[in-house]
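Take a look at the structure below.
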Amino acid sequence: MNRIRLVFIILSIAMFISSTYELIEWGTTLLVGESAEAFLGTQGYVWDTQSDMLFALIGSAAAILILSRFHDRAMKMHGAVP
């Protein structure tokens, strides 16, 4: 598999998990019937959902950049990569 495609898939999975979590939070506030600020503790920060997803993207991209070389080296050392 092309390395660029692999990075795209990994980042897409991280964003999917983050957005699913945000939708669960939203659904829970609808079910509970309280205001979002009371339930989530956002303290009136209107960009809370977007910043959470941005930080998930930044964290996953940083993990790929920092850890991919170590992972590839460990796979070669154990003979898992041809």
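What follows draws every value from the coordinates through simple rules; no lab data is involved. Worth saying up front: this structure is predicted, and the values here are computed from it rather than measured. Neighbour counts are summed over all protein chains in view; Cβ atoms, including those assigned to glycine, are modelled from backbone coordinates with ideal geometry.
With θ taken as phi - 60° and the coefficients 6.51, -1.76 and 1.60, list the Karplus ³J(HN,Hα) couplings across region 64-69 in order, rounded to whole Hz; mark glycine and proline as x.
Each residue's phi maps through the Karplus curve to give 5, 5, 7, 9, 5, 5 Hz.
Just subtract the alpha-carbon distance of F55 and I13 from 0.36 nm times their residue separation and send over the number in nm, one decimal.
Full-extension gain reported as 13.7 nm.
Over region 3-77, with a single point scatterer placed on each C-alpha, what log10 of the ratio I(q)/I(0) does the Debye formula yield at q = 0.12, 0.18, 0.25 1/Å?
Listed by q, the Debye log ratios stand at -0.47, -0.78, -1.12.
Order of 70-80, 6-16 by packing, highest average Cβ count within 10 Å first?
6-16, 70-80
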